[in-house]
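Derivation of every value follows stated rules applied to the coordinates shown; laboratory data play no part. Because the structure is predicted, anything quoted here is derived from the model rather than measured. All Cβ positions, even for glycine, are placed from backbone atoms using ideal geometry, and neighbour counts span all protein chains on display.
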Amino acid sequence: MQPTAATVPSLSCVNDDRRADALLADRIRTGDTEALGELYDRYAGTATATALRVVGSRDEAEDVVHDAFVAVWRKIDRFDAERGSLRAWLTTVVRNRGIDRVRARRASIDVADADERSLLRTGPNPTWEAALTRASADDLRSAMAALPDEQRRALELAYFEGYTYREVAELTGVPAGTANGRLRLALGKLRDALTGTTAAPLPVGEATMSEDLSR
Amino acid sequence: MNVRFELDCATVDEIAAAYGLGAVDARESAAVEHHLDACSQPHAEARELIAAASLVPELLPPVAPSPGLRGRLMATVAETPQEHRLAEPRRPGPIAPMESSRRPWWQFAPLPSAIAAVALAAAVGLGALGLSLNARLAEREAALRAVASADAAYVVEGEAGRGWVIQSGDQALFMADGLAELAAGQLYEFWLIDAEGDAVAAGTLTDTDGVALVTLERDLEGATTFAVTVETERVDQSVNDPVMVAALDA
């Protein structure tokens, strides 16, 4: 699933973006509060949208955004620009903290150290940063809109509502393997939209997913 | 968690998307991370899907936060120590007690100017407290339990470091992370001072390793100031300048 030559993102602008974030991270690490302010100016819009989508109320969303930026400030030393993107870490922290609040309301799952998990999950992937810089938000949103309803719903339940794929399966009345397969298909299409690859079937589809992946 | 839950390559590939979306349980999540860290296979597809998941927020049209949020954030950040700085020693050596003065410091000395900032800091104290504890687990749990039931918290600051006084039910606690080290034979002594300037001893602390958590010997009723001095033994009246203070009526 490689991007074709014509769609390989221009690495120069990407590198600029990554470099800018890496520089911001370095400044934040030295205790420069203005650098955190600049990070806020860059990403507060996306962070607020994410928090609002997760927690549903404006006041709570802003508390989540506030706390996520404070967490980035506090834990910046754990961030490694070689291994992940500051933007992805921040938005994942926002998402996880929002989910923690929603879960507290639902009084269910125990949450350990969400910020560190976020750091791991954003992972190393310069190609993806490259793709994102190149793809317009519109491309992504139309890819999202083009998803079959059941895939979009599974993705929303998982990412924005914090359900595990097994819970998604229960909520939507399908086997766990099917719910997991829908998440794979949905993400695969978003990935393809980012790289400009035409959608190709993923090696493992819904029909072939094992029913239960736990052991 | 002593027994590691392991996943094989095929299962990791199968649940990578769910993992990236935060849609696996904690045990699976740890197992995926461990596997991807340790595995000799590239797992390129899995890594791509995981990275794609982190971009899902970009699907949403940005929403402008209210204008006041930036200022609120900057105010909190100005009062919040960074984790990697907490680990640094506050000062190179132990604090030398001052021997020169014979009168208790609070009877003539104006309170340090830091006290003015304390009222503001107290507003964010609880948040900072919950966030700044990264020491030993048992201590952290005890501290968090105290915080969870706190009725009030005050930031205590000074040359010895930063801590909190917490009123929790009828108990008062002092808590700090990374206080300046004491020389052999020294101790920190805690004082509660009322509006008249009368100070009463409220406990001592000798072990500054990790998170310090001390139940004070009296509650905060009637006290307007909390102070910490360095002494060579527990005393009923101190002649030493405080190394940390907090205004309690903020």
### Summary
Computed from the beta carbon distance with a Förster radius of 25 Å, FRET efficiency for B:CYS39 and A:ARG78 to the nearest 0.05 stands at 0.65
### Message
Taking amide H atoms as placed 1.01 Å from N in the peptide plane, list the residues 5 or more away in sequence, or in a different chain, whose amide H sits under 5 Å from that of B:GLY178.
### Response
B:GLY210, B:ALA212
### Whole-Hz couplings from phi, Karplus 6.51/-1.76/1.60, listed for region B:40-56; x for Gly and Pro
7, 6, x, 6, 4, 4, 4, 5, 5, 5, 4, 5, 4, 4, 5, 9, 3
#### Entry: Alpha-carbon centroids, region B:174-226 and region A:59-91: separation in whole Å
34 Å
### Message
Cut-off 12 Å, label point 7 angstrom out along Cα-to-Cβ of B:ALA183: give me the residues of region B:204-236 whose amide nitrogen falls inside.
### Response
B:231-232
### Query
Got a sec? Charge dipole of region B:1-57, +1 on Cβ for Lys and Arg, -1 for Asp and Glu; which of B:ALA46, B:CYS9, B:ALA31 is way out at the positive end?
B:ALA31
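What does the structure give for B:41-48 when I average, per residue, the other chain Cβ atoms found within 10 Å of the residue Cβ?
Numbers: counts 0, 0, 0, 3, 7, 2, 5, 12.
Per residue, the average neighbour count from other chains is 4.
Assuming 0.36 nm per residue, please report the length gained on full extension of the stretch A:ARG29 to A:ASP41 beyond their Cα-Cα distance.
On the way: separation 12, 0.36 × 12 = 4.32 nm, distance 1.77 nm.
Answer, rounded to one decimal: 2.5 nm.
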## Note on the structure
Along region A:36-48, Karplus-curve 3J(HN,Hα) (6.51, -1.76, 1.60; θ = phi - 60°) to the nearest Hz, with x for Gly and Pro, reads 5, x, 5, 4, 4, 4, 6, 10, 4, x, 5, 4, 5
